[in-house]
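The values are calculated or read from the model by the stated rules, or taken from the named source; none is laboratory data. A quick note: this is a predicted structure, and the numbers were derived from the prediction, not measured. As a convention, Cβ positions derive from the backbone with ideal geometry for all residues, glycine included, and neighbour counts pool all protein chains shown. Ligands, DNA and RNA are stripped out before the accessible areas are found, and what is left, the full protein with its side chains, is counted by its heavy atoms. Shrake-Rupley method; radii C 1.70, N 1.55, O 1.52, S 1.80 Å.
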Amino acid sequence: MNRLSSFVRAYSTVQPGLRPGITKGFIGAIGNTPLIRLNRLSEETGSDILAKAEFMNPGGSVKDRAALFVVKDAEEKGLIKAGGTVVEGTAGNTGIGLAHVCRAKGYKCVIYMPNTQSQEKIDLLRMLGAEVHPVPAVAFDNPENYNHQAKRHAESLDNAVWTNQFDNIANRRAHIETTGPEIWTQTEGRLDGFTCATGTGGTFAGTSRYLKTQDSNIKAYIADPPGSVLHSYIQSGGKSFDRAGGSITEGIGQGRITDNVAPDVEIVDGSFCVPDEESIAMLYRLLDEEGIYVGASSALNVVAATKLAKELGPGKRVATILADGAYRYQSRLFSRTWLESKKLDGAIPEHLQKYIVLP
């Protein structure tokens, strides 16, 4: 009995992610995700590449954090009461987080999303009880953009709120109060760089802001897919909004500076534009070398982290975000037909082709 008690105490001591006692429901389980050292990439670069395992949130993505905070913000402002409706425009993961949070809090959930998103996301939202409206993908300045449709829908209902994740800075606040402090604690205050992609910008801006308040020498770099303006904007010092190209990644990239990003533009140290070919190759590498099964945006983040590590030089520590798991995209990312249609099958090294298991 004494040996068992000693083992339990020792195990608890070396497992910083373990929560003492009982977690109160879904909401209590959000956050405190592990920070994983990616061993092979760390050895290659001579620096520690550290990845925040946000796919281990109870709703499966980093967006659980934003979902909780935008709902809490609406409650604190008296914008929604018991039995009300939460409406959001989302590429999927924030909607999934909101659907979970709404179930836990007793709200209805309505989601507008581009019809270009994976069927897995749409199906999961509906299984979680959300009312889903897939609509044509059009630019933000078009009144039929999914965000504008979500806003109009909320305005047409009583006791309803449009949570407005792109410009609601409660999203950014989630990462100032949780993600940033967790990374700082997990690295024991020894960190040289942070990078991740932006969709709403909440994760990048909030995490970077917190980390830089702790150590202003930490470098904050935006990771951007083709078709987004942010890399061009940062590289040109705010003079260019070039958005040439397009990307297979979902939920990241942007055609404007959102209110979540705007307060922190001045703390951005640089940016990387990551081609889809590099993201898809890294996705397969992570599966093969680390046993980590993540989506394309997570793989893009890891590519950017390795680039930043090489830029900073050996002996550094660089953190990034594993935003979600690949199971939300598997019918595409592991389909030979789909990969060939995007001309990405050739980007996957021959020894990794065995993971393309779907026709």
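In the chain, Cα pairs under 8 Å separated by at least six residues give a relative contact order of 18 percent. GNM on the chain, alpha-carbon springs under 10 angstrom: the most fluctuating residue among 28, 255, 189 is 28. Within the P(r) computed for the stretch 148-294, what percentage of the Cα pairs occupies the region above 23 Å? Here the long-distance tail beyond 23 Å is 45 percent of all Cα pairs in the stretch 148-294.
Split the accessible area of the chain by element, probe 1.4 Å, and carbon with sulfur accounts for 51%. Convex hull of alpha carbon positions in the chain: directionally averaged projected area 19.6 nm². Database note for the chain: Cys without another Cys beta carbon under 4.7 angstrom, 196, 273.
The calculated 222 nm mean residue ellipticity attributable to helices in the chain amounts to -11000 deg cm²/dmol, summing -39500 (n - 2.57) over DSSP H runs of n ≥ 4 and dividing by all residues. Solvent exposure of the chain, expressed per residue, is 43 Å² of accessible area, with all protein chains present and a 1.4 angstrom probe. Of the cross-linked pairs 219/310; 24/121; 24/77; 212/310; 310/342, those separated by over 19 Å at the C-alpha level are 24/121; 24/77; 212/310; 310/342.
For residue 135, the residues 5 or more places off, or on other chains, whose built amide H falls under 5 Å of its own are 113, 115.
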